[in-house]
Structures are given as structure tokens and as C-alpha cells.
1. Pairs, please: C-beta under 7 Å, at least 6 apart or cross-chain, first residue at positive phi and in the stretch A:102-116, second hydroxyl-bearing (Ser, Thr, Tyr)?
2. Which one is nearest to the other protein chains (Cβ to nearest Cβ), of the residues in the stretch B:236-255 that are hydroxyl-bearing (Ser, Thr, Tyr) and surrounded by fewer than 23 Cβ atoms within 10 Å (Cβ to Cβ)?
3. Does B:Ala114 meet the test of being modelled with pLDDT of 95 or more, assigned by TED's automatic domain parsing to the domain that holds B:Ala219 and more than 30 Å from A:Arg86 (Cα to Cα)?
4. Give the residues of the stretch A:350-374 that are surrounded by 16 or more Cβ atoms within 10 Å (Cβ to Cβ), of a type in the set (D, E, K, R) and touching a residue at least 60 places away in the same chain (Cβ under 8 Å), sorted by residue number.
5. Identify, from the list B:Arg193, B:Arg117, the residue that is of a type in the set (Lys, Arg), more than 14 Å from every other protein chain (Cβ to nearest Cβ) and without any contact (Cβ under 8 Å) to a residue 60 or more places away in the chain.
6. Pick from the stretch B:128-155 the residues that are among the hydrophobic types (A, V, I, L, M, F, W, C) and either outside any helix (DSSP H, G or I) or not assigned by TED's automatic domain parsing to the domain that holds B:Gly191 (or both): which of them is farthest from B:Ile225 (Cα to Cα)?
7. Count, please, the residues in the stretch B:243-295 that happen to be outside any helix (DSSP H, G or I) and not hydrophobic (A, V, I, L, M, F, W, C).
8. Can you tell me which residue within the stretch B:36-61, out of those that are more than 10 Å from chain A (Cβ to nearest Cβ) and surrounded by fewer than 19 Cβ atoms within 10 Å (Cβ to Cβ), is nearest to A:Tyr111 (Cα to Cα)?
Amino acid sequence: MNLSVRLAAFTALAAALVTACAPRTAGTSSAGTDEKSGTLRVWLFQEVDNRPKQHVVDAVLAGFEKAHEDTEVSVEYIPVETRAQRIKAAFNDPKSAPDVIEYGNTDTAGYVRDGGLLDVTREFDAWGETKDTDPTARRSVTVDGRVYGAPYFVGVRALYYRTDIFRELGLSVPRSQAELISTARRIRAEKPGLYGLAVGGAYTYGALPFIWAHGGDLATGEEGSYASALDRPAARKGIEAYTSLFGDDNCPAATCAGMTGNDTVTAFASGKAAMAIGGDFSHAAVEAGKVRGKYAVVPLPGVEPGSIAPAFAGGNNIGVLKNTAHRTLAVDLMKRLASKRTQRDLFDAMGFLPTFTDVRRQAAATEPFVKPFVRTLAAGTEFVPASPAWARIDSSLVLPTMFQEIVSGRKDVAAASEDAARKMDDAFGSAG
Amino acid sequence: MSRAAVPSGRTSAKGRRAGWTPWFYVAPALLVLGGLLVYPVCQLGLMSVLEYTQAQVSGGEPTRFRGLANYTELFADDQFRQVLLATVGFAAACVVSTLAVGCALAVLLTRVRALPRLALMLAALGAWATPTITGSTVWLFLFDPDFGPVDRLLGLGDFSWTYGRYSAFLLVLLEVVWCSFPFVMVTVYAGIRAVPGEVLEAAALDGASQWRIWRSVLAPMLRPILVVVTVQSVIWDFKVFTQIYVMTGGGGIAGQNLVLNVYAYQKAFASSQYSLGSAIGVVMLLILLAVTLGYLRLLRRQGEEL
């Protein structure tokens with residue numbers, strides 16, 4: 001009898017443990033409600049110098065609170081480095097989640113699949129200003145034909161070069177990719193202490209324009225049925241061109257294979273590189289470096305002389321969380337935060353490039369620095385596959401691994417691109 | 001429990017009391033252990049047989065039972081097998097080096113005068129007290145191709161330690177040994193101090209060399225302590241994360257320096273495949289259990305009581 005009592009106790013305990021430890025799935029606690037007053041919570045990214053941004057945002061909020069009585073908005077600026085964890089946590093726990101968030105545009109598809117973002121297609125189309133939205137920016141908020149947010153700003157990369165070194169060596173600004181590569185080598189040969197063009201094995205978004213310039217692509221197909229195109233001949237030509245820049249004649253593999261985009265910009269800013277591929281958002285970092293006043297920016301050249309290599313259209317969006325209890329208010333706030341006027345103010349304050357073509361044109365007219373970036377955008381940009389698999393491909397370092405395998409001599413372009421394509425297809429296969 | 005089978009009613013009642021009382025005493029410890037150990041391990045095991053990614057956590061898609069599919073996926077993955085092999089090799093090298101350095105320095109401690117002993121102790125305690133991230137960053141700086149003093153001292157020019165697979169592993173191994181030898185050294189030193197002086201004296205009188213004394217006198221007497229530090233080191237070094245993550249930039253050029261823990265992190269958190277990460281965790285747990293139990297069993301068979 002006493003055996004059976006103990007046995008029963010153990011069984012009960014074991015059963016309790018097993019049922020207690022089933023992994024959690026977040027419920028949809030407040031979805032569907034649409035309160036017209038109360039407090040809205042907003043998460044925006046914390047920039048390096050956040051004050052000007054805060055200023056612009058505060059003005060928007062003042063207008064919003066004036067227009068809607070009995071509403072309050074609390075804004076939290078979250079650090080960019082930990083945004084992934086914060087936003088995941090917000091999806092997991094709707095009660096402590098914000099109503100409106102800023103998010104990186106490569107995350108759109110992943111967040112939609114995670115069930116975190118609200119479909120705002122109807123409001124987006126009814127919003128008059130969006131007729132001027134740049135098509136690539138629109139693509140960056142679209143998944144399966146539905147719109148999940150409003151583009152906030154766009155970031156694009158171009159070629160930074162040292163005017164003093166070019167003058168000293170009597171070089172002209174490269175007009176094609178072949179010229180770019182030969183110019184880089186020439187500088188390295190004349191000045192062995194400098195990288196000709198700083199490149200990084202972990203700098204995915206600096207490498208992609210080379211692939212696109214040769215007519216290659218990351219993936220082909222439709223949403224839901226992507227297939228990697230990295231192992232196609234055109235993409236391989238681009239990979240070949242980019243990886244040919246690693247070596248003692250430009251950027252030694254031993255140091256450059258591990259570099260990220262930030263590392264290459266730092267190398268340029270500290271005067272260790274004659275050229276680098278940097279974004280409009282790198283401006284401040286370069287200005288703060290040793291090369292201030294000794295550099296200029298042009299669009300990254302494409303394959304044909306005089307052409308521009310398609311750049312990656314990075315940037316951020318503003319979205320509404322699916323679980324918001326203030327649907328109407330949150331959507332209105334999103335529109336105000338991403339409106340033409342706010343984007344114009346943000347450009348003046350932070351230098352963020354507007355996503356509306358007309359606002360961007362005006363911006364370029366007042367600030368000559370952004371001209372090469374606006375030209376790059378006007379020449380046509382590319383975007384990563386709008387698939388939730390992209391986040392996984394990006395975070396499991398498929399492309400950096402491929403570049404690093406090639407530049408360290410472990411695999412040739414054909415083998416490395418084939419392996420990378422296989423990994424991408426695996427990710428597309430399991431994530432759609 | 002076999003006592004329950006005794007037929008006499010009186011003995012049974014007494015037996016029951018004796019049976020429950022120990023449980024009553026260990027209940028608090030069991031509760032804490034259950035909460036801190038059993039629950040997470042059970043979660044881990046459960047997650048590893050489910051399809052559980054960010055989409056399931058946030059309710060975008062239903063959680064699905066996958067059976068052993070995560071494990072078959074894992075073992076079909078070339079990279080996983082490679083990482084597993086590298087981890088075992090790396091951990092073994094770390095354990096051997098740590099024990100060798102720790103024991104040698106412990107013996108040295110008993111041989112030197114007070115002042116050098118104090119200096120050595122302080123240096124070791126400093127290494128021990130340094131947070132892993134700080135230690136890794138400092139070591140990385142020491143071996144930096146552009147600014148590091150090591151390359152300059154050795155006349156290596158701008159040799160990049162993190163570029164080659166083995167040089168990167170060697171660099172991390174040095175850091176791991178540096179931050180974990182103090183534990184071995186201090187523990188073994190305490191053990192040596194507890195060995196009666198006459199024994200050592202007798203050995204010395206018999207003309208035994210230093211090595212011979214260690215081999216035939218000290219090591220057998222210190223066995224229980226050595227067992228503990230070995231098991232500890234195996235567990236620590238098998239689970240190295242920070243050093244690899246910081247020093248090789250998250251796994252080295254093209255993932256050449258990945259170890260299981262970093263790989264699991266990449267799977268579970270960087271790409272939100274929690275179930276695959278859990279499966280890696282379970283595999284690690286099983287390997288560590290097997291190694292530890294196997295080691296203890298081996299010792300038991302040699303007739304040692306622990």
C-alpha cells in the first residue's frame with residue numbers, strides 16, 4: 001500500500017512536471033479591440049546622437065495628442081544592437097508590447113510570419129502621400145502583396161574615395177567595375193600601407209551590388225517559392241569580381257576576410273583605405289575621422305562604363321503591432337511618424353534619406369552631400385528576397401561564409417556558391 | 001522501497017516512517033533542484049522534439065510535434081558533425097593543458113619562497129577574477145596583427161592569429177587555459193598542503209625524483225581532488241562560449257572555429273530555431289553525462305572510493 005501511495009505521488013509529480021513544462025505560445029490577448037483613448041506605446045531605434053531625432057518625434061507626438069483627446073503617447077528609444085531580442089519579446093508577450101514600432105526593412109517578412117505586424121494595406125492605399133513612395137521602399141513593406149507598415153527612411157551605399165590620394169597619384173574616378181578594381185590595385189601598389197578599396201568578407205551589403213551589377217540575383221521566384229540564384233553564372237561573375245579584391249594587391253585576406261561593413265568604413269575614416277563602400281548613414285562617422293575634408297562620394301560604378309551598380313535599398317519602416325488595442329489611433333500615429341513632413345524634418349535633423357521621391361529630390365537640392373546617394377537610388381535599387389527565410393540566411397551568415405571560404409582559398413567560386421545556394425534553398429524550403 | 005515487502009505490520013509502519021523522513025529532509029533541496037534543473041532540462045527535451053521557432057512562440061503558427069526529426073536533421077548536417085568533432089578535440093586539448101599547467105604550478109607553489117609564491121598566487125587570482133569577456137578582449141588585443149605586442153615581440157610582422165583555423169584555436173586555448181588554470185592550481189595546492197610531510201620526506205629519502213614523487217605519491221593521494229578538477233574542467237571546456245564568440249568574431253572565418261555552444265546559439269537565438277538549438281543542447285548534455293559517468297565508473301573499477 002505504501003508503495004502504491006509513493007508510486008501515485010511520483011506519477012502525479014511527473015505528470016505535473018510534464019504538463020507544466022510545455023513550451024509557451026503567446027495568446028492574442030487584445031487583438032480585435034479598437035479603443036479610442038488611452039496610452040499608446042511606441043518603440044523607436046536609439047541613434048548614436050539621438051537628440052535631433054527625439055526633437056522631430058516630439059513635434060509629431062504633440063500634434064497627435066492635440067488631434068486625439070484623452071490619448072497619450074509614451075516613446076521608448078531602444079538600442080539597435082538588442083532590437084531583435086526586444087521585438088521578439090514584444091511578440092511573445094502582447095501585454096507589455098508597444099503599439100507602434102520602428103523596424104529594419106529586411107525584417108519585414110520575418111516579423112509578418114511571426115505574426116507580429118498588422119496588415120495596413122487598406123490604410124496605406126487610401127493615404128494620399130503614398131503615391132510618391134519610391135517603389136523599392138514600397139516593396140520593403142510588402143509581403144505576399146499585403147502592406148505591413150510605412151517606409152520611414154531609406155539607406156543606400158556608394159563609393160567613398162580620397163580626393164587627396166587620387167590627385168597625388170593622378171588617378172581619375174573609376175567609371176566601371178573593371179576600372180574600380182584596377183584603380184584599387186594601383187593605389188595599393190603605389191602606397192602599400194593603404195587598402196586600395198576596403199572590402200570585408202562579412203560585408204554582405206557591400207558585396208551584393210557586385211552580384212547585381214553582373215545581372216546576378218540572390219534568389220529568383222515568387223514570394224513563397226524562392227530559389228537561390230547564387231550559383232548561376234551571372235551571380236558567380238559578381239562573386240568572382242568582389243572576391244578578387246581580397247589579396248595582397250588590394251586588401252589582404254588575412255585581415256579583410258573577417259571585416260564587416262563598419263570595419264571597412266572605420267578603415268576609411270581612419271585613413272587606412274583609399275576607397276570604401278559606405279552608406280549615407282556613414283557620413284557622420286567619416287566626418288569624425290581623420291579624412292574629413294579629403295574625400296568625396298560617387299555612386300558605385302556598374303559593369304558598363306558610366307553605369308551605376310544597383311545598390312541595396314536598406315532602411316527602416318514604421319509598423320503597427322497586430323495585438324494593438326488601439327488600431328485606428330496606432331495607424332494614424334504610424335502615418336504621422338512616416339509622413340512627408342516628418343521625413344523632411346528627419347532629413348534635416350539626422351540626414352536620413354526620405355522614402356518619398358519628391359521629398360528626396362528637394363533634399364538633394366539643399367544638401368549636396370546626398371546627391372550621389374540620391375543618384376544611386378534613382379538608378380534603381382535592389383532588395384533582399386521578401387521571405388522570412390532571409391532573416392535566417394542573414395543571421396546564419398550564409399553569404400559571409402561563402403565569401404570567406406573563397407578568399408581564404410578553401411573553396412573556389414563554383415563550389416562555395418553552390419554550397420551557399422543549397423543552404424539558402426534549405427532555408428527557403430522550411431520557411432517559404 | 002523493498003522494505004515495504006516485509007510482512008509484519010509493525011515493521012511496515014516503522015519502515016514507512018523511516019521511508020518518508022529522509023524525503024522530508026531532502027524536500028527543500030529537491031524542490032530547488034527540481035525547479036532549477038529538472039524543469040529546464042525537461043523543457044529542453046520537449047522543445048527538441050517540436051517544431052518551435054519564433055513563429056510558434058509568438059503565436060503566428062501552431063506548435064507541431066516532429067518526433068526525432070530535429071535530431072536526424074542535425075546528424076545529417078555536415079557542419080554539425082564537423083563542429084562536434086572540433087568541440088571534442090578542442091575541449092580535450094583545453095582540459096589536458098589546463099590540468100598540466102595547474103598541477104605544475106601547484107607543485108611549484110610548494111617549492112618556492114613566500115614572496116614569489118605570493119606573486120604567483122596574486123597573478124593567478126587576477127586571471128581567475130577577470131571577467132571572461134574582458135580577458136578575451138585583452139588577449140585579442142595582445143595578439144592583434146596591427147597593434148599587438150606579441151607579434152612584435154616574436155617578430156611575426158602582421159601575422160593574423162585569427163585567420164588560420166589552428167592558430168585561432170590555439171589563441172583561444174591559451175586564453176581558456178589562462179582563465180581556468182587558477183582553479184586547478186589553488187585546489188591542487190590545497191590538496192598538496194594536506195599531504196603529511198613525512199610521506200614526502202620518506203620518498204625524498206628513498207631518492208625519488210620530483211616527477212617520481214608526483215607520479216607515485218602525490219597524484220594517488222590527490223586522486224579525489226584531481227577527479228573533481230578534471231570533471232569540472234571537462235564540463236567547462238566543453239561548454240566554452242564567450243572566448244570563441246568574442247575572439248573569433250562568432251565562430252571564425254567561414255565558421256572554422258565554431259564549437260557546439262556557439263553553434264547552438266547561432267541556431268537557437270540568431271536564427272530563432274529554438275527546437276534545433278534545444279536538440280544541440282540535449283546532445284551536449286548526453287555527451288557530458290556519458291563522459292562524466294564513464295570517467296567515474298573507470299575510477300570505481302580501479303578500486304577507488306570517491
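The values are calculated or read from the model by the stated rules, or taken from the named source; none is laboratory data. Note that this is a predicted model, so its numbers are computed, not measured. Neighbour counts run over all protein chains shown; Cβ positions are idealised from the backbone, glycine included.
1. If the second residue must be hydroxyl-bearing (Ser, Thr, Tyr), the pairs left are A:Gly115/B:Ser58.
2. B:Tyr245
3. The answer is no for B:Ala114.
4. If the condition is that a residue be surrounded by 16 or more Cβ atoms within 10 Å (Cβ to Cβ), of a type in the set (D, E, K, R) and touching a residue at least 60 places away in the same chain (Cβ under 8 Å), then A:Arg360 is the only one that fits.
5. B:Arg117
6. Looking at the filtered set, the residue picked out is B:Phe147.
7. 10
8. B:Val49
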